[in-house]
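Working notes, structure below.
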Amino acid sequence: MSNVVSDNLHKLVKSLTKAEKRYFKVFSSRHIIGDNNNYELLFDAIDKQEVYDEEKLLRKFKDKSFTQRFSISKNRLYAAILKSLDSFHGESSIQAQLHKQLHAIEILYHKSLYDQCLKLLNSARKIAENHECFLLLMEIQRWEKRVLEKDHYEANPGADELNDLASRDKKVLQQIDAFNQMWQAKSVIFTQIYRQGKVRDAAHVQMLNEALHTVKDIVQWAPQSVELSYQCNHIHAAFYFAQGDYANCYLYLMHNIELINQRRELFKADPSVFLSVLSNAVHVAMRLGKWEEAGEWSKQMKDLPAILEITPSEDLEIKIFTVAMSTQLTLHAQKGEFEMASILVPQLEFGLKKMDDKISSVRRAQLYFNMAVILFGAEKPSEALKYINKLLNQVDIDKSKDIHCMAQIFNLVIHLELGNTELLPYALRSTQRFLETRSRTFQFESTILEFVNECLKKRQSKTIDELYAQLVIDLEVLQNHPFEKTVFEYFDFLSWAKSKVEGKRFREMVSV
């Protein structure tokens, strides 16, 4: 048995909004008999702790009987909070409403109020069909069968009625099967993107083509739905994004934005879906030079709660903040507006500290990298190095991810900029070992590593200026290579090399 003290109750209490906390007090006063005062005392004490300290709680309530079996008391309080949240959010989504209706249907059935049961089932089925709640639709249709078979089919259902139910069952099962198969195909593509970044070799292209072929097969037999159309567009957009085909990627992103705007009620339950589409639209629009459209999608991200007519949750507010800030930094970087963007860094740093572990490691890594690029462009390489070090040493992220590998390379560039000749040999060896052990030494990485190695040689066959000039030539070739060009989206390595050759500032070389 584990002796580790659980802080799950503390995390749950601290996650509550002010309205949820007020509701819990009212709920507990009405539904918790006898121990209500103890529950509130413990709830308030835990709420006041920024960091969970169980020993302090036990000392504080040493005269209370509930501390004798404290783990049980915590579990009961945890369950009570969940019950109050269930009641508070009982009408918060279509799914929540349908679950309540299904419970009511069960109650009516066991009271033998079958007419009322069928009436509620008919209403629930229409709602579930309209909102494409296929799993709940299966449960609704299960209850329809139970009502039909009650009293040995006394209602005498006709063949048409039975066939209709069988047809609806088949259609829903096809929808669920299509979703599951689509999810598997999507995961192949997104695993590639999240782990390796954009494709860097023919084998990965083949893998993506096979996944897309599976999607096209599913579309041929699956019943049409908004969910299926969204997933199909989503997968096509990711497929083209992974290969750097931004024109086709943008086309499918626009299909999904149009689809969501046509059926916004279906996406209210998970607004992060729309946020993700808008975020991708900003990024791809920038790559295509569609600056006005990128600005429009960026504005819609910030206005998302108003667009969907919802009250944003804490989770959504965090996502909007991090995604909007990330895209804004990227937008400024693409335009060479480094000074303007650097003003946002303290605001972003404050947000990162405030939200702490509520931000995913991948998103945190992206933000650290973006801040490093902005500060580098604002001619603050020491500060840029600080954020690259945070990414490399503090963020708990799969070290094979593309952004971590690019951070290793960018780390060398920053050390060159700072003239850290004593640290560079160690950083170079470390990066070489890192990339080799993860099979990440592609042509671009090899070019940068060879360049840095030449710069560090005591007896150079070329001057530093000649080495930078050769680097420009090599990078210009790679920038047009189908599998190598994507690395320039993380940082404009070519403009940096050109700035050294032409004796200009890096920011002057970056233009829209």
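Readers should treat all values here as calculations from the given coordinates under stated rules, not as data from a laboratory. The structure displayed is predicted, hence computed values, not measured ones. Note: ideal-geometry Cβ built from the backbone for every residue, glycine included; neighbour counts use all protein chains shown.
Can you work out the Karplus-derived ³J(HN,Hα) for every residue in segment 16-22? Use 6.51 cos²θ - 1.76 cosθ + 1.60 with θ = phi - 60°, whole Hz, and x for glycine or proline.
Once rounded to whole Hz, the list reads 6, 7, 4, 5, 5, 5, 4.
What aspartates and glutamates sit close enough to residue 498 to cross-link, taking a C-alpha to C-alpha distance under 15 Å and skipping anything fewer than 8 places away on the same chain?
417, 465, 466, 474, 476, 508
Tell me, what ³J(HN,Hα) does each residue in segment 309-316 have, in order and in whole Hz, if you take phi through Karplus 6.51 cos²θ - 1.76 cosθ + 1.60 with θ = phi - 60° and put x for Gly and Pro?
6, 10, 8, x, 7, 4, 4, 5
Let me know the whole percent of all Cα-Cα pairs from segment 360-466 that are separated by more than 21 Å.
Numbers: 2079 of 5671 pairs.
Cα-Cα pairs of segment 360-466 separated by over 21 Å account for 37 percent.
Quick one: Debye curve from the C-alpha atoms of segment 31-111, no solvent, what's log10 I(q)/I(0) at q = 0.12, 0.13, 0.21, 0.25 Å⁻¹?
-0.51, -0.57, -0.96, -1.20
In units of 2.2 N^0.38 Å, what is the alpha-carbon radius of gyration of segment 399-512? List each step's numbers first, then the result.
Numbers: Rg = 13.6 Å, N = 114, 2.2 N^0.38 = 13.3 Å.
Rounded to two decimals, the normalised Rg is 1.03.
Could you list log10 I(q)/I(0) for the chain at q = 0.07, 0.08 Å⁻¹, which the Debye formula gives when each Cα is one point scatterer?
The Cα Debye sum returns log10 ratios of -0.55, -0.70.
In whole angstrom, how long is each semi-axis of the equivalent ellipsoid of segment 101-185, when you take the square root of 5 times every eigenvalue of its Cα gyration tensor and sort them from largest down?
The three semi-axes for segment 101-185 are 25, 16, 10 Å.
In the chain, once you exclude exposed trypsin sites (Lys or Arg not before Pro) (DSSP loop, at most 10 other Cβ within 10 angstrom), what's the longest stretch remaining?
With a cap of 10 other Cβ atoms within 10 Å, the longest stretch comes to 112-456.
Could you name the aspartates and glutamates in cross-link range of residue 358, using Cα to Cα under 17 Å and dropping any fewer than eight places away on the same chain?
Qualifying aspartates and glutamates at Cα under 17 Å: 7, 50, 314, 315, 317, 349, 396.
Run down the lysines and flag those whose C-alpha is under 25 Å from the C-alpha of residue 56, throwing out any fewer than 8 positions away in its chain.
11, 14, 18, 21, 25, 48, 64, 74, 354
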